[in-house]
1. From zero outward in steps of 5 Å, how is the percent of C-alpha pairs of the chain spread across the bins?
2. Can you give me the convex hull volume of the Cα atoms of the stretch 26-90, divided per residue and expressed in Å³?
3. About its Cα centre, how strong a charge dipole does the chain have in debye, to the nearest 20, once Lys and Arg get +1 and Asp and Glu get -1 at the Cβ?
4. If you wrap a convex hull around the alpha carbons of the stretch 3-50, what volume per residue comes out, as a whole number of Å³?
5. Can you give me the relative contact order of the chain as a percent, contacts being Cα pairs under 8 Å and 6 or more apart?
6. Semi-axes of the equivalent ellipsoid of the stretch 62-115: what are they in whole Å, largest first, if each equals the square root of 5 times a C-alpha gyration tensor eigenvalue?
7. How big is the antiparallel share of DSSP beta bridges in the chain, given as a percent to the nearest 5?
8. Can you tell me the accessible area per residue over the chain, all protein chains present, probe 1.4 angstrom, in square angstrom?
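The values are calculated or read from the model by the stated rules, or taken from the named source; none is laboratory data. Computed from a predicted model, the values in this text were never measured in an experiment. Because the Cβ atoms are built from the backbone with ideal geometry, glycine has one as well, and the counts that use them run over all protein chains shown. The accessibility values were calculated without ligands, DNA or RNA, using every heavy atom of the protein model including side chains. Shrake-Rupley method; radii C 1.70, N 1.55, O 1.52, S 1.80 Å.
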Amino acid sequence: QVQLVESGGGLVQPGGSLRLSCAASGSIFSIYAMGWYRQAPGKERELVAAITRGGRTNYADSVKGRFTISRDGAKNTVHLQMNSLEPEDTAVYYCRVKGDEYDYWGQGTQVTVSS
């Protein structure tokens with residue numbers, strides 16, 4: 001049984017920062033990539049940022065320069081540091097963990113950017 005536990009969401013004012021974390025536990029081996037996606041009301045789920053086992057990163061154009069993804073391989077944990085948050089960043093953020101034969105999603109954590 002694999003479990004993804006997300007934390008760090010909440011309400012923040014425009015220009016503020018939040019740090020999301022996702023810890024994978026259970027029978028999980030050889031993670032290839034970990035990442036964050038988000039889904040705003042009325043919109044499709046989209047990639048925010050991802051990081052591979054080798055440390056290669058990929059970011060959505062809308063968050064480049066503001067968000068930073070990092071990974072602790074020993075702890076099967078991925079973090080997303082979000083700075084200079086904008087109202088357009090408001091969404092439910094989902095953690096995703098992929099391996100050769102599996103693809104797990106977290107339950108999601110709400111991020112609201114509002115004054």
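1. 2, 12, 24, 26, 19, 10, 5, 1, 0
2. Per residue, the Cα convex hull of the stretch 26-90 comes to 103 Å³.
3. Numbers: 12 positive and 11 negative charges, 51 e Å.
Once rounded to the nearest 20, the dipole reads 240 debye.
4. 110
5. Details: 277 pairs, mean separation 41.6, N = 115.
Averaging sequence separation for qualifying contacts and normalising by length gives 36 percent for the chain.
6. With the √(5λ) rule applied to the stretch 62-115, the semi-axes are 24, 14, 9 Å.
7. Of the beta bridges lying entirely in the chain, close to 95 percent run antiparallel.
8. Numbers: 6350 Å² over 115 residues.
Per residue, the chain has an accessible area of 55 Å².
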